[in-house]
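What follows is a set of notes on a single structure, which appears directly below.
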Amino acid sequence: MHLQTVSYVLLGALAIALLVAAFTDIRRRQIDNWLTASVALAAPLFWWTAGMGWYDIGWQLGVAVAAFAGLALLFAMRAMGGGDVKLLTALALWIRPAFFLELVMLMALLGGVLTVAMGAWHIARRQRDRLLVPYGIAISAAGLWVLASDYWPIIQAGGRVG
């Protein structure tokens, strides 16, 4: 099988993993470690099939480390869950740095809308317990958006995705 075809299959698998992450976060308010580990561990295979060089891989790793550092701070402040931190860090290994910035901005916007909507629902139901927002929905939706808007046109044109 052609390496570029394998990279497209891997991007499809990433899209499925994002859907699973959103679904489990809705149902259980948890993103499983096996899922985020699978996403992270498949990234080097994607790098290889996409023809990425050491320079590009270095940038992917640097963005992932920076993302983890910033997100770990949010986790320490109890502003973000651990599964969300791990999923975003794993995504940083896949998504080009410029596209990752787009993903983070879109995730923040979608997460804000999700938080307001869930907060309103929480108040309307007169619940007094702590509001838990399944932020995996915003992360997954932003990731799927980036895959569809930034990677799909490259695939359509027959270009390199890495």
Review point. For the chain, which semi-axes, largest first and in whole Å, follow from the square roots of 5 times the eigenvalues of its Cα gyration tensor?
Key: 30, 16, 14
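If you add up the charges near VAL146, with Lys and Arg at +1 and Asp and Glu at -1, over every other residue whose beta carbon is less than 10 angstrom from its beta carbon, what do you get?
Numbers: positive: ARG96; negative: GLU102, ASP150.
Its environment carries a net charge of -1.
Got a sec? How would PHE46, PHE68 order by Cβ neighbour count within 10 Å, fewest to most? Don't jump to the answer; show the numbers that get you there.
Details: PHE46 22, PHE68 17.
Lowest count first: PHE68, PHE46.
Most exposed first by the Cβ proxy, i.e. fewest other Cβ within 10 Å, how do VAL63, VAL116 rank?
Values: VAL63 20, VAL116 11.
So the residues, fewest neighbours to most, are VAL116, VAL63.
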Review point. Once both axes come from the Cα atoms, what is the angle between helix 33-49 and the longest principal axis of the chain, in degrees from 0 to 90, rounded to 10?
Key: 20
Practice item. Just check segment 7-96 against the gyration tensor rule for me: Cα atoms, a ≥ b ≥ c as the square roots of the eigenvalues, rounded for a/c under 1.5, and otherwise prolate or oblate depending on whether a/b exceeds b/c. Key: oblate
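For TRP145 and ARG29, what does the FRET efficiency come to when R0 = 22 Å and r is the distance between their Cβ atoms, rounded to the nearest 0.05?
On the way: r = 23 Å, r/R0 = 1.03.
For TRP145 and ARG29, the calculated efficiency is 0.45.
If contacts are Cα pairs under 8 angstrom and at least 6 residues apart, what is the relative contact order of segment 3-157 in percent? List each step's numbers first, then the result.
Details: 141 pairs, mean separation 50.8, N = 155.
33 percent.
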Check your understanding: Relative to the present Cα-Cα distance, how much length would full extension add between ALA117 and VAL9 at 0.36 nm per residue of separation?
Key -> 35.4 nm
Revision key, fill the gap. If one compares the long axis through the Cα atoms of helix 82-92 with the longest principal axis of the Cα atoms of the chain, the angle in degrees, nearest 10, works out at 20
Practice item. Count charges around HIS122 for me, please; just the other residues with Cβ under 14 Å from its Cβ, Lys/Arg as +1, Asp/Glu as -1. Key: +4
Review point. Expressed as an acute angle from 0 to 90° and rounded to the nearest 10, what is the orientation of the C-alpha long axis of helix 97-124 relative to the principal long axis of the chain?
Key: 20
Exercise for review: Tell me the label-point distance for the pair ILE57, LEU74, using the 7 Å Cα-to-Cβ offset, in nm and rounded to one decimal.
Suggested key: 2.8
**Study point:** Euclidean distance between Cα centres, segment 35-61 to segment 127-154, Å
**Key:** 21
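Every number here is computed from the coordinates shown, using simple stated rules; none is lab data. Quick caveat: nothing in here was measured; it's all calculated off a predicted structure. Every residue, glycine as well, gets a Cβ built from its backbone with ideal geometry; the counts of neighbours run over all protein chains shown.
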